[in-house]
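Okay, structure first, notes after.
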Amino acid sequence: MAGRQPTTDLTWLGSNRPMARAIGRPMVRFLDIEASGGILLMVATLVALVWANSPWSGSYYDFWHTEVHLAFGDVVSLDQDGHSLTLVGFVNDVLMAVFFFVVGLEIKREMVTGELRRPRAAMLPVAAALGGMVVPALIFLAFNRSGAASTGWGIPMATDIAFAVGVVSLLGRRVPTSLKVFLLSLAIVDDIGAILVIAVFYTSDLAMDWLFLGVATTVAVATLTRLKVWYTPFYILLGSVLWYAMFRSGVHTTIAGVAMGLLAPARPLLDRAVMPPIEFDQLDAEDLREAKFRLNESVSVASRLEHRLHPVTGFVIIPVFALANAGVDISWESLSNAMTSGITLGVAFGLVLGKVVGVSSFSFLALRLGLAVLPAGTTRRHLVGISAIAGIGFTVSLFVTGLAFDAIALQNEAKVGILGASIVAAVVGVMILLGARPVVAEGDGGGTATVDATGQEPLA
């Protein structure tokens, strides 16, 4: 009817109730912001630091080291070597497996339908990620050539996707969209490297019987996906079995999450392009169910899972992880000790200097050799800025720290380096990107050229 006002109270969020107006709708708007995940991560980190350095610091460590008793009869138990899993262990072993499952989904998507599916487009983030792993690791080993400290070489190799994307998103249109895609691709390839490092170098003594069960479960999942069996309970059951097998085998449980993510189908069962048009006004109940099924199957399983789980990982799991792991003593004494620690210096210089040198130099080499192409609308200065941003290694660096060092003192030294380096990397990266002029077209129609902040043409 003409002149009829739209109904706004069909849902609680759409209503004029005070709680909806004051809290509900602002919260939804916040969650829609691209940088919101990074902001929550920063808040959780600050809370952990304040809590760990407050008069109630003892409660911080007591809380996160609370024992968690989980068992199903006499067959399934999370106890290891007679010790119960702690709350921080539960976060790192159980919740982070879900996070790495989403990482596996992102890797699969990029390899099948994203930037990593095209060789020349993929070569630049691959080369950048390789340099961003090799150079920081070498810098760390230069400070820690032997002893227990040398096992931490994997810490500065990581790039935190949430933090890095959050920082870049705050710059808005100053950063070309193609550069954000490059950063995401770089971080995803970096995650692949981190996963391989964890699996190969940070794995304890293997229990071959449990490892065999894990391999058999993986084969079963691969077979079901090949046969296009999409019954979700099967995958939940098999994924749980795979996780527990990895937990018992000595291989870190994150590998189970990644494996399940990589095995998820990344192509839709139905091609939306060849689907007949749907006339909703002419459908009965049965036709509507059929239409819903067709629309649902026109989106891949991997995409649906990633869409559903990304808010859980970004807004719950990662902030909880930061809250559980970022608490470190930052007293004057601890900072003084850290400043002379090879671990702290190796991590800090590895993330700040190593990432800039490694990512940018390997990127420019790939461009110079003609193996890769520069992202559209970007310059060399943009790449250097992103190289600095890649030094934000927060989440995965903290995760690897827990795997590399058993001693709390060594972990704290590494954490000081991670926190300090991540802040410096963010500031330096933002300053470089703010100084990068947008690419402009020159000429009168006969061709275009792009220039960077130095007035030079970017590498092509």
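The values are calculated or read from the model by the stated rules, or taken from the named source; none is laboratory data. Since this is a predicted model, take the numbers as computed values, not measurements. Neighbour counts run over all protein chains shown; Cβ positions are idealised from the backbone, glycine included.
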### Query
How many residues does the range 212-222 hold that are farther than 18 Å from Gly104 by Cβ and surrounded by fewer than 17 Cβ atoms within 10 Å (Cβ to Cβ)?
2
### Qualifying position, being in contact (Cβ under 8 Å) with a residue 24 or more places away in the chain, out of contact with any helix residue (DSSP H, G or I) (no Cβ under 7 Å at 6 or more places or on another chain) and under 22 Å from Pro125 (Cα atoms), among Ser185, Ser178
Ser178
### Query
closer than 20 Å to Val102 by Cα, at pLDDT below 80 and not small (Gly, Ala, Ser): does that describe Arg267?
yes
### Summary
Arg308 meets each of (1) within 23 Å of the chain's Cα centre (by Cα); (2) at pLDDT 85 or above with one exception, condition (2)
### Message
So the check is Cβ under 8 Å with 6+ separation or different chains; which pairs have a first residue in the range 323-348 that's among the charged types (D, E, K, R) and a second one that's modelled with pLDDT of 80 or more?
### Response
Asp329/Ala52; Asp329/Asn53; Asp329/Ser57; Asp329/Asn412
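When you scan the range 309-340, how many residues do you find that are part of a helix (DSSP H, G or I) and under 19 Å from Gly58 (Cβ atoms)?
Matching residues across the range 309-340 total 5.
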### Task
Would you check if there is a residue in the range 84-105 being among the small types (Gly, Ala, Ser), closer than 22 Å to His307 by Cα and either exposed (fewer than 14 other Cβ atoms within 10 Å of the Cβ) or modelled with pLDDT under 80 (or both)?
no
#### Entry: Single condition Asp191 does not satisfy, out of (1) crowded, with 23+ Cβ neighbours inside 10 Å; (2) in a helix (DSSP H, G or I)
(1)
